[in-house]
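Reviewing the structure listed below.
The values are calculated or read from the model by the stated rules, or taken from the named source; none is laboratory data. Computed from a predicted structure; not experimentally measured. For neighbour counting, all protein chains shown are included, and Cβ atoms are generated from backbone atoms with ideal geometry for every residue, glycine included. Please note that ligands, DNA and RNA were not included when accessible areas were found on the heavy atoms of the full protein model with its side chains. Shrake-Rupley method; radii C 1.70, N 1.55, O 1.52, S 1.80 Å.
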Amino acid sequence: MPQSAKVPPTPPASPAAPAHRPTDGLPPGAVHRTVEVPGGRIHLVEQGSGPLVLMVHGFPESWYSWRHQLPALAAAGYRAVAIDVRGYGRSSQPRDVAAYRMLAHVADNVAVLRALGEESAIIVGHDWGSPIAANTALLRPDLFTAVAMLSVPYTPRGGMRPSEAFALLGGPGEFYVSYFQEPGRAEAEIEPDVRGWVAGFYAVASGDAEPPSDEGHIGQFTVPPGGKLSDRFPAGLSLPWLTGADLDFYAGEFERTGLTGGLNRYRNVDRDWEDLAAWEGAALTQPSLFIGGERDAPTNWMADAIKAFPRTLPGLSASHILEGCGHWVQQERPEEVNQLLLDWLHSLPAPSARTAP
């Protein structure tokens with residue numbers, strides 16, 4: 001069984017002009033598409049041809065979170081596809097909170113695969129996209145032949161109801177997942193200044209922020225009594241990997257759609273637990289990869305899940321922890337993440353592996 005490896009940061013590259021900054025965010029050579037799924041539509045961006053690699057983002061993000069991976073994977077001989085998860089961007093935004101349950105996201109991914117005319121795919125997820133990718137592979141191993149998880153390690157369905165587990169976290173404050181549960185509550189904090197809030201959320205979870213003093217990095221994601229989550233955000237922190245144009249793109253999407261679609265994913269944790277009862281403790285057996293950041297909060301507070309990989313991920317190829325990196329691994333360290341993904345993709349058995357020219 002491969003051991004977790006710490007990956008030191010690469011030296012900073014010389015400043016260069018951004019490869020793309022059009023208003024639609026597209027890297028050169030990529031195209032927008034919208035496909036039909038049960039009960040709605042999924043917007044995606046695709047680039048390249050070859051074995052399908054389906055990329056699933058988290059909160060509060062977009063297909064745009066994979067802007068550095070799309071051209072790299074396409075150049076290496078893959079059909080790289082990044083979706084807007086339901087509730088985000090140009091994808092459907094159902095009104096019913098239950099429409100954001102894990103089973104609906106799995107169904108969306110299956111429908112995207114079929115709409116693209118493919119028989120199988122490799123799936124990659126970050127943040128909430130990681131458990132969506134993992135559960136997609138778990139429930140449909142016939143279609144999703146390998147899975148890579150960024151920032152959030154695989155955890156099988158356990159015996160405690162998630163809302164009860166989250167209620168135990170936070171100390172004198174309130175853990176952010178609990179804070180997000182009541183419809184409208186977090187929206188009231190975020191939506192008056194979407195750009196400022198999103199910038200602060202990216203900053204507090206980044207490797208550029210002051211390392212938290214509490215073990216497990218829980219405190220920075222708690223709401224102080226009578227306060228707001230943004231009370232924990234660092235003031236005036238500049239992120240070298242997130243340009244003003246990048247932030248404008250994210251903020252513009254959420255200013256148009258609101259935050260409810262993204263937050264509704266959190267509001268289904270108990271429903272997911274009920275839906276996935278038959279898979280309690282189930283291992284994910286396909287070839288897999290994990291990449292986390294040394295300063296990434298989930299990588300720290302879910303350290304036991306990483307230790308359990310020999311049991312929960314018997315097909316694990318490697319587990320990498322990027323030194324000094326925070327939560328937004330594929331944006332903070334795009335070159336390193338691209339290389340780790342490509343090394344893993346090239347190692348996969350046929351038909352998932354890239355064929356030699």
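The share of accessible area on the chain that comes from carbon and sulfur is 54 percent, using a 1.4 angstrom probe. For a paramagnetic label modelled at 7 Å from the Cα of D270 toward its Cβ, which residues of the stretch 64-101 fall within the zone defined by backbone nitrogen distances under 20 Å? Counting only backbone N, you get 96-101.
Please work out whether the stretch 69-226 counts as rounded, prolate or oblate from its C-alpha gyration tensor, where a ≥ b ≥ c are the square roots of the eigenvalues and a/c under 1.5 means rounded, while otherwise a/b larger than b/c means prolate and anything else oblate? Don't skip to the answer; put the middle values down first.
On the way: a/c = 1.71, a/b = 1.62, b/c = 1.05.
Here the stretch 69-226 falls in the prolate category.
Shape class of the chain from the Cα gyration tensor (axes a ≥ b ≥ c, square roots of the eigenvalues): rounded, since a/c falls below 1.5.
Judged by the gyration tensor of its Cα atoms, with axes a ≥ b ≥ c, the stretch 178-299 is prolate; a/c meets the 1.5 cut and a/b is the larger of a/b and b/c. 3J(HN,Hα) along the stretch 27-34: x, x, x, 8, 9, 7, 9, 10 Hz, from the Karplus curve 6.51 cos²θ - 1.76 cosθ + 1.60 with θ = phi - 60°, whole Hz, x for Gly and Pro.
What number, in percent, do you get for the relative contact order of the chain if the mean sequence gap of Cα pairs under 8 Å and at least 6 apart is divided by its residue count? Before the final figure, lay out each step's value.
Numbers: 696 pairs, mean separation 79.3, N = 357.
Worked out over the chain, it gives 22 percent.
Sequence-ordered 3J(HN,Hα) estimates for the stretch 141-154 from the Karplus curve with 6.51, -1.76 and 1.60 and θ = phi - 60° stand at x, 5, 10, 10, 8, 7, 9, 10, 10, 10, 6, 10, x, 5 Hz, glycine and proline given as x. Amide H contacts for R41 (H built 1.01 Å from N in the peptide plane; partners 5 or more residues away or on another chain; cut-off under 5 Å): S92.
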